[in-house]
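J.: Following this message is one structure expressed as structure tokens.
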Amino acid sequence: MELDIEINFDDLPACAGCAGQPLLSARFPHSWLNSRGEEVIGVREVALCPQCDRGSRAADELQALFAVDEQVGLANAEAFAILIGAWLEEIGQNSTGSHRLEMEWEQWRQGDL
């Protein structure tokens with residue numbers, strides 16, 4: 001699967017977890033195996049929230065970049081690419097908890113997501 005990652009910094013919806021303002025969102029190809037063992041290919045979108053994403057090494061390091069530099073530019077583009085890659089890899093290894101999934105479902109149902 002080709003790995004095209006779209007990073008967005010503007011007009012971000014509120015965080016699904018705390019309703020705070022994310023720093024960025026990333027949209028990338030994602031696949032999983034269904035109950036028949038067939039690969040299902042889709043797209044996943046995640047947001048980096050300063051409140052909800054504390055405590056993981058990759059998220060903390062990425063947030064530290066914004067704390068120091070405030071934005072991505074030519075001077076820190078390489079560091080940003082490395083940090084965003086580590087964060088997305090970490091996210092790919094973690095499954096969504098049922099509590100967060102239920103919360104996002106309720107927000108979607110109410111039209112808030």
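The values are calculated or read from the model by the stated rules, or taken from the named source; none is laboratory data. Just so it is clear, the model here is predicted, and its values are computed rather than measured. With ideal geometry, Cβ positions are generated from the backbone for all residues, glycine too; neighbour counts draw on all protein chains shown. Protein only, heavy atoms only, side chains kept; ligands, DNA and RNA dropped before computing areas. Shrake-Rupley method; radii C 1.70, N 1.55, O 1.52, S 1.80 Å.
J.: Taking Cβ-Cβ under 4.7 Å as the only way to count a partner, pick out the unpartnered cysteines of the chain.
T.: That list is CYS18.
J.: Something else about it: Taking the chain as the reference, fit the longest principal axis to its C-alpha atoms, fit the long axis of helix 57-69 to the helix C-alpha atoms, and give the angle between the two in degrees, 0 to 90, nearest 10.
T.: Roughly 40 degrees, rounded to the nearest 10.
J.: Here is a further query. Compute the helix-to-body angle for 98-109: its Cα long axis versus the longest principal axis of the chain, expressed 0 to 90° and rounded to tens.
T.: Roughly 90 degrees between the two axes.
J.: Choose one answer from ILE91, ILE41, ILE82: the residue with the largest mean-square fluctuation in a GNM of the chain with alpha-carbon springs under 10 Å.
T.: ILE41
J.: Which of (i) 7.3; (ii) 11.4; (iii) 8.1 is the computed mean projected area of the Cα convex hull in nm² for the structure on display?
T.: Label (iii) holds the value from this structure.
J.: Work through the residues other than GLN63 whose Cβ is under 15 Å from its Cβ and net out their charges, Lys, Arg +1 and Asp, Glu -1.
T.: Working: positive: ARG54, ARG57; negative: ASP53, ASP60, GLU61, ASP69, GLU70, GLU90.
Computed value for this residue: -4.
J.: So, one more: Given an 8 Å cut-off on Cα distances and at least 6 residues of separation, report the relative contact order of the chain as a percent.
T.: Values: 116 pairs, mean separation 23.0, N = 113.
Worked out over the chain, it gives 20 percent.
J.: Heavy atoms only, 1.4 Å probe, whole protein assembly: order SER35, SER25, SER56 by accessible area, highest first.
T.: Highest to lowest solvent-accessible surface, that is SER35, SER56, SER25.
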